[in-house]
Amino acid sequence: KAGVTQTPRYLIKTRGQQVTLSCSPISGHRSVSWYQQTPGQGLQFLFEYFSETQRNKGNFPGRFSGRQFSNSRSEMNVSTLELGDSALYLCASSLGDRGKDTFGSGTRLTVV
Amino acid sequence: LAKTTQPISMDSYEGQEVNITCSHNNIATNDYITWYQQFPSQGPRFIIQGYKTKVTNEVASLFIPADRKSSTLSLPRVSLSDTAVYYCLVGDDTGGFKTIFGAGTRLFVKA
């Protein structure tokens, strides 16, 4: 079956712009989580959505937001981009049970 | 959420068994222990999960002592392709599972 699909794979944005990243989970998976990965901070949890509701949230500013649609697809939005937002953004999906997530290949965002 | 501590890096040779230990002194009753593997420029991949005693699958074994304050991921007969970062996580699904990745252990397998 198809894995977790993230689009786009690469993105270059300018400071101050906003960006929307997309994630299509594995069919039947209702939980979608987002992570930011940077060399300095490692993998950091952004938020998790389950059945269109945000179930958990990490310690990121309000510029980072997300949503989940009725088909479980999810989007993540970052407004007013900063240079420090340059990172690999990973999406993971699961049936909703205890961390057995399947990750996508990520979107590499570069802010210039 | 329980914090985890792992060695930053480990070296091994092909064909050897590798054991990576993770400390989680503040693990809660409902917490499970999960290990992921990550290759460069890829998302992490679920390896194994356990609650107590020993769990084995086709990829690895997970040993968890009775006090559950640590766990050991065992990779039998590693190959060059096992060179990756390995993450240990603890957490539960009460009110939704929140995943905290530590720094991970960078395993380098040499020929």
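The values are calculated or read from the model by the stated rules, or taken from the named source; none is laboratory data. In this text, all values refer to a predicted model and were calculated from it rather than measured experimentally. All Cβ positions, glycine included, derive from the backbone under ideal geometry; neighbour counts span all protein chains shown. Only protein heavy atoms, including side chains, enter the accessible area calculation; ligands, DNA and RNA are left aside. Shrake-Rupley method; radii C 1.70, N 1.55, O 1.52, S 1.80 Å.
Here are some notes:
- Loop sites in segment A:13-93: GluC sites (Glu not before Pro), DSSP, at most 14 other Cβ within 10 Å: A:Glu52, A:Glu82
- Note that segment A:45-54 has calculated 3J(HN,Hα) couplings of 6, 9, 6, 10, 10, 9, 6, 6, 10, 6 Hz, one per residue in order, obtained from phi through the Karplus relation 6.51 cos²θ - 1.76 cosθ + 1.60 (θ = phi - 60°); glycine and proline are x.
- Compactness of segment B:1-62 was expressed as the Cα radius of gyration divided by 2.2 N^0.38 Å, which yields 1.23.
- Three semi-axes of the equivalent ellipsoid, chain A, Cα gyration tensor, whole Å, largest first: 22, 14, 13
- On the principal axes of its alpha carbon atoms, the protein assembly as shown extends 49, 39, 34 Å, with the longest extent given first.
- With only the Cα atoms considered, chain B has a convex hull volume of 93 Å³ per residue.
- No cysteine of the protein assembly as shown lacks a disulfide-compatible partner when judged by a Cβ distance under 4.7 Å.
- Area hidden from solvent between A and B (accessible, protein heavy atoms only, 1.4 Å, total, Å²): 1700
- Cα centre as origin, Lys/Arg/Asp/Glu Cβ charges: the protein assembly as shown dipole, Debye: 300
- Net charge dipole, chain A: roughly 120 debye, given to the nearest 20, about the Cα centre with Cβ charges of +1 for Lys and Arg and -1 for Asp and Glu.
- The aspartates and glutamates within cross-link reach of A:Lys13, meaning a Cα-to-Cα straight distance under 20 Å and a gap of 8 or more places when in the same chain, are A:Glu75, A:Glu82, A:Asp85.
- Across chain B, the mean sequence separation of Cα contacts (distance under 8 Å, 6 or more residues apart), normalised by length, yields a relative contact order of 36 percent.
- Segment B:74-81 - phi-based ³J(HN,Hα) in whole Hz, Karplus 6.51/-1.76/1.60, Gly and Pro as x: 10, 10, x, 6, 5, 10, 4, 6
- Net charge of the neighbourhood of B:Leu80, taken over other residues with C-beta under 13 Å away and scored Lys/Arg +1, Asp/Glu -1, is -1.
- Beta bridges by DSSP in the protein assembly as shown, antiparallel share as percent, to the nearest 5: 90
- Listed residues A:Leu11, A:Leu88, A:Leu46, most fluctuating in chain A (Gaussian network, C-alpha, under 10 Å): A:Leu11
- The phi-based Karplus calculation (6.51 cos²θ - 1.76 cosθ + 1.60; θ = phi - 60°) puts the 3J(HN,Hα) values of segment A:73-78 at 4, 10, 10, 10, 10, 10 Hz, whole numbers, x for Gly and Pro.
- Neighbour-limited loop hits for chymotrypsin sites (Phe, Trp or Tyr not before Pro), segment A:20-103 (at most 14 other Cβ within 10 Å; DSSP other than H, G, I, E, B): A:Phe69
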